[in-house]
Amino acid sequence: MGLQFLKEAREEKYTQAEIAEILGVKRGTYASWECGSDIIPTKQIYTLANVYKMSTDYLLGINPVNRKVKGDELNLDLIGQRLFLIRKNLKMSQLEIAESIGINQSTWWAYEKGKNLITTSTLVALAKRYGYSTDYILGRCKDKFIKEK
């Protein structure tokens, strides 16, 4: 993942220790996300995008163009509804879409029903494979597709 965007965004205003405190994690945990040795959880990427007033697509390295997007709190029901709409738009079953992005059907079902928060790796796989904006999937904007300027 394009984690250089995490570092670039942070270095404009914060130290690793300050961002770790905002996220409620240890500095070493944050550093592992920034250097790419571990995957930053969806909840934390959502929080960072709100702190920086940036697009999750940009922070995850999916779109090199940053759009200013501001989200509210994570809403699992809204995320589930968006995942359902994406699957229906693609005319795929839960099994088909799950297999296409490397997860099992029961995991997709839990995401779509709002039971579990979609993981960052699944979010990125879905966005890259089908061109949907991670900000749209996470309920941060109404624009469905990744747009580059």
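The values are calculated or read from the model by the stated rules, or taken from the named source; none is laboratory data. What you see is a predicted model, and the numbers here were worked out from it, not measured in a lab. Here Cβ is always computed from backbone atoms with ideal geometry, including for glycine, and neighbour counts include all displayed protein chains.
Summary of values
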item: Residue, modelled with the highest pLDDT, within the stretch 1-29, restricted to residues that are under 24 Å from LEU126 (Cα atoms) and not in a helix (DSSP H, G or I); result: LEU3
item: The stretch 50-64: number of residues that are assigned to a helix (DSSP H, G or I) and closer than 26 Å to SER100 by Cβ; result: 4
item: In the stretch 30-49, the residues that are without any contact (Cβ under 8 Å) to a residue 60 or more places away in the chain and assigned to a helix (DSSP H, G or I); result: TYR30, ALA31, SER32, TRP33, GLU34, CYS35, GLN44, THR47, LEU48
